[in-house]
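Worksheet: one structure, shown below.
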Amino acid sequence: MSTEKTIQRERLTQAERTAQSDRQMFDAAIRLIVDQGPQRATLADIGILAGYSRGLAAYRYKTKDVFYSALIEHLHHLWCAELDSSVANTSGMDTIIAAVSALQNFVRSNPDHLRAMYKLYYHTIDHHSETTQKLQEIHANQRKQAVRWISECNQKGKHGLAGEAFAEQYCALVFGAIYQWLVSPELIDLDRLLENCKLSLRLIAGEP
């Protein structure tokens, strides 16, 4: 019994070490992606910047595409934690506005996380890969969320705007705002632009 507990502790310690090294490599990758873009960053650079060997990332993930897919999932989980906390106990239009506020909070606290996440998103558009599949899944889920939110508005007697149409407008406004910020961060005040997105979403949903 004692031996089994020892083995369990050792396994847990190994799992913790793996999780820690993954987090450090993800943090290193974020810095490199923000500074020089996803294409120029290499797995060797990521491992070294994270404080490990140049071969660790390649050993664990095999290819940069697989690593980037894992990084996107990691960043998406961080974003979902912010979103879930912000929209808790809300419904309908309040949820829609809270979701945009969550993005504003995420930008204020983790701007490089958002920059890296969307640079990876746009990097994957022109080729089919594991990263592209991950991106498609995330976008599909985001549209489903928006459909659900506007459906709650309709159930409360608001204008019967089609869910899919609203979801497309929601994604266009939010993603478009982030894209402008990525291209011209010195010119675009993303916080203010997202605040304007809230006003536009209210109008699209038929809110006064």
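The phi-based Karplus calculation (6.51 cos²θ - 1.76 cosθ + 1.60; θ = phi - 60°) puts the 3J(HN,Hα) values of the range 164-180 at 5, 5, 5, 4, 5, 5, 4, 5, 4, 5, 5, 5, x, 4, 5, 4, 4 Hz, whole numbers, x for Gly and Pro.
I need the calculated FRET efficiency for the pair Gln14 and Glu137, taking r as the beta carbon distance and R₀ as 25 Å, to the nearest 0.05. Here the calculated transfer efficiency is 0.25.
The magnitude of the dipole of the chain, with charges of +1 and -1 set on the Cβ of Lys/Arg and Asp/Glu and taken from the Cα centre, is near 340 debye.
Relative contact order, whole percent, for the chain stands at 18, derived from Cα pairs under 8 Å and 6 or more residues apart. Determine the shape class of the range 1-154: with a ≥ b ≥ c the square roots of the Cα gyration tensor eigenvalues, call it rounded for a/c under 1.5, and otherwise prolate if a/b is greater than b/c, oblate otherwise. Because a/c hits 1.5 or more and a/b fails to exceed b/c, the range 1-154 counts as oblate. Remark: Val87, Val183 ranked as Val183, Val87, counting other beta-carbon atoms within 10 Å and listing the fewest first. In this simple spin-label model, placing a label point 7 Å from the Cα along the Cα-to-Cβ direction at both Arg40 and Arg192 gives a separation of 3.0 nm.
Residues Asp45, Asp189 in ascending order of nearby Cβ atoms (within 10 Å, fewest first): Asp189, Asp45. Calculated mean residue ellipticity, 222 nm, the chain: -27000 deg cm²/dmol, from DSSP H runs (n ≥ 4) at -39500 (n - 2.57) each, averaged per residue and rounded to 500. Here the residues Trp181, Trp149, Trp79, ranked from fewest to most Cβ neighbours within 10 Å of their Cβ, fall in the order Trp79, Trp181, Trp149.
Pairs of lysines in the chain whose Cα atoms sit within less than 26 Å of one another amount to 13, provided the residues are eight or more positions apart or on different chains.
Each reported figure results from applying straightforward, stated rules to the coordinates on display, with no laboratory input. Computed from a predicted structure; not experimentally measured. In this analysis, Cβ positions are derived from the backbone assuming ideal geometry, glycine residues included, and neighbour counts consider all displayed protein chains.
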